[in-house]
1. Only one of these is in contact with a strand residue (DSSP E or B) (Cβ under 7 Å, 6 or more places away or on another chain), surrounded by fewer than 20 Cβ atoms within 10 Å (Cβ to Cβ), of a type in the set (S, T, N, Q) and at pLDDT below 95: Asn245, Asn186. Name it.
2. Out of Leu200, Leu228, I need the residue that is assigned by TED's automatic domain parsing to the domain that holds His32 and buried (at least 21 other Cβ atoms within 10 Å of the Cβ). Which one?
3. Among the residues of the range 2-25, count how many are touching a residue at least 40 places away in the same chain (Cβ under 8 Å), surrounded by 14 or more Cβ atoms within 10 Å (Cβ to Cβ) and closer than 18 Å to Leu236 by Cβ.
4. Taking the range 152-169 on its own, how many of its residues are over 14 Å from Ile197 (Cα atoms), of a type in the set (D, E, K, R) and out of contact with any Leu (no Cβ under 7 Å at 6 or more places or on another chain)?
5. So Tyr252 clears everything in (1) under 24 Å from Ile5 (Cα atoms); (2) in contact (Cβ under 8 Å) with a residue 24 or more places away in the chain; (3) surrounded by 14 or more Cβ atoms within 10 Å (Cβ to Cβ) except one condition, right? Which one?
6. Out of curiosity, is Leu217 surrounded by 19 or more Cβ atoms within 10 Å (Cβ to Cβ), at negative phi and outside the structural domain of Asp66 (by TED's automatic domain parsing)?
7. Looking at the range 49-61, can you tell me whether even one residue there is closer than 20 Å to Arg224 by Cα, crowded, with 18+ Cβ neighbours inside 10 Å, of a type outside the set (S, T, N, Q) and in contact with a Ser or Thr (Cβ under 6 Å, 6 or more places away or on another chain)?
8. Test each condition in (1) more than 16 Å from Gly231 (Cα to Cα); (2) more than 13 Å from the chain's Cα centre (by Cα) for Ala84 and report the one that comes out false.
Amino acid sequence: MTNDIILEAKALTRRFGGLVAVNNVSFPVKKHEIFGLIGPNGAGKTTLFNLITGLIPPSSGQLTFDHQEISQLRPHQIAALGIARTFQNIRLFGELSALENVIIARHLHIHSNIFTGVIGVPPASTEERKSQQKALELLELVGLQQRAEEKAKNFAYGDQRRLEIARALALEPQILLLDEPAAGMNPSEKQKLSEFIRNLRDRFDLTIILIEHHVPLVMGLCDRIAVLDFGQLIALGEPAVVKNNPAVIEAYLGND
């Protein structure tokens, strides 16, 4: 394994009874790249995200992050190592404010114990202030700083997407996984999203992996692309190469 590889799947497989959702998939992800994951519905993309983030364990195979085996770690352990994600179906705390949603994600970086927090001694108070300031900065980054005190359930779909990204960034990840970030967006919004994702990568020195059905966005944004079909990896490479791959055209692009 070369030093520029931050995440690697090796013969990764996940079975659900007789269904093989991810079948012997292997690929490396390089540091600082934007890596796309595409394929038809049911191809295994979200299952692969769930494997990477520990929501489900693999049936076989290996997953390494920064040279460390993570295949059997729990979601909170993987998040603490530096992998964060958004979800295809948005998972915010609707009754909490935007600010509170982001602050909650900061808990991994708060080191005060329960006792100091209860009695309000300076270490806890200082960390709480820092956590709130960081959360406000992230809300500003996604353009929601003026709505910090509004309940998340009152946000429009696109704003909820941005809030979810802010919450994921609050974990201070090295890898950010985005599950269909452009869903429901118009062409202008998709263009702005591409620029936003690039800026995130550069500002936070992130590696970004995204699932996305909008092929032009993926082709214009990603450094490399992996294509899944029926749980199998059928292509891996730069956008121009993947786009012209006969297997990809037959399984996915040809249906557009």
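The values are calculated or read from the model by the stated rules, or taken from the named source; none is laboratory data. A quick note: this is a predicted structure, and the numbers were derived from the prediction, not measured. Here the Cβ positions follow ideal geometry from the backbone for every residue, glycine too, while neighbour counts run over all protein chains shown.
1. Asn245
2. Leu228
3. Adding up the residues that qualify gives 11.
4. Selection size over the range 152-169: 2.
5. Unmet condition: (1).
6. no
7. No - not one qualifying residue is present in the range 49-61.
8. Status for Ala84: all satisfied but (2).
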